[in-house]
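Reading through the structure tokens given below for one structure.
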Amino acid sequence: MVSITLPNESQKTAHIRLTLNGEETDVSFAPYKTLLEVLREDLGQTGTKHGCELGECGACAVLLDGKAVLSCLLLAVECDKKGVLTVEGLAADGKLHPLQDAFADLGAAQCGYCTPAILVTAKALLDVNPKPSREEIRTALSGNLCRCTGYQQIFEAVEEAIVRISGTQNG
């Protein structure tokens, strides 16, 4: 005789509380879901993109407690009581973050698919190193693949954001 054990109700649904873009948020979801899936499907944060879902393209990057992580490789249940920042949380008081402004002004976003992840990854860099070199920017963004820009405009936009954040002018 074969015995089959069915999951009980508590195994069918996971519940976590996290701080999403500065707001305490409770969410319930299937326990096998990745953070990427919960953000997009359960919390409506569609700026975070599905890419390769193998951790190779970087399109799903978000900040978890201030550190850039690949949300496709992280189970959402691991994020209980953590802070998550998506591209939707970059703007404040109705104003774009200086990174967003610089990307728009310098044409660093073309198709835009990779841009949300690049923006949050660049923010993580600038939060720990407010004046990185071009090489440090290149290294920090090396896990974010872009097929449209060739990266030059992206690096220039991050450098321009540094100027804007510091309040100094070019020249």
Residue count, segment 19-46 (criterion: closer than 12 Å to GLU88 by Cα and touching a Leu at 6+ places or on another chain (Cβ under 9 Å))
7
Scope segment 48-99; condition among the basic types (Lys, Arg) and within 18 Å of LEU125 (Cβ to Cβ); matching residues:
LYS67
Residue tally, condition buried (at least 21 other Cβ atoms within 10 Å of the Cβ) and in contact (Cβ under 8 Å) with a residue 60 or more places away in the chain, over segment 119-131
2
Take ALA108 and tell me if it is in a helix (DSSP H, G or I) and outside the structural domain of ASN21 (by TED's automatic domain parsing).
no
Return yes or no: is GLN110 free of Cβ contacts under 8 Å to residues at least 40 places away in the same chain and under 14 Å from the mean Cα position of the chain (by Cα)?
no
Give me the pairs, please: first residue somewhere in segment 156-168 and free of Cβ contacts under 8 Å to residues at least 60 places away in the same chain, second residue anywhere and in a loop (DSSP other than H, G, I, E, B) and polar (S, T, N, Q), beta-carbon distance under 7 Å, and either six or more positions apart or on two chains.
VAL163/ASN170
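Checking the conditions here, which among ASP101, ASP80, ASP93 is under 30 Å from VAL163 (Cα atoms), in contact (Cβ under 8 Å) with a residue 60 or more places away in the chain and more than 14 Å from the chain's Cα centre (by Cα)?
Working: ASP80 fails: under 30 Å from VAL163 (Cα atoms); ASP93 fails: in contact (Cβ under 8 Å) with a residue 60 or more places away in the chain.
Within the list ASP101, ASP80, ASP93, the selection yields ASP101.
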Flag for ALA124 being part of a helix (DSSP H, G or I) and within 19 Å of GLY55 (Cβ to Cβ)
yes
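Of ALA76, ALA109, ALA102, ALA59, which residue is crowded, with 22+ Cβ neighbours inside 10 Å, under 16 Å from CYS146 (Cα atoms) and not acidic (Asp, Glu)? Can you show your working first?
Details: ALA76 fails: under 16 Å from CYS146 (Cα atoms); ALA109 fails: crowded, with 22+ Cβ neighbours inside 10 Å; ALA102 fails: under 16 Å from CYS146 (Cα atoms).
Among ALA76, ALA109, ALA102, ALA59, only ALA59 is crowded, with 22+ Cβ neighbours inside 10 Å, under 16 Å from CYS146 (Cα atoms) and not acidic (Asp, Glu).
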Go through segment 141-155 and give me each residue that's free of Cβ contacts under 8 Å to residues at least 40 places away in the same chain and not in a loop (DSSP other than H, G, I, E, B).
GLN152, PHE155
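The values are calculated or read from the model by the stated rules, or taken from the named source; none is laboratory data. No experiment lies behind these values; they were computed from the predicted model shown. Heads up, the Cβs are rebuilt from the backbone with ideal geometry, glycines too, and the neighbour counts pull from every protein chain shown.
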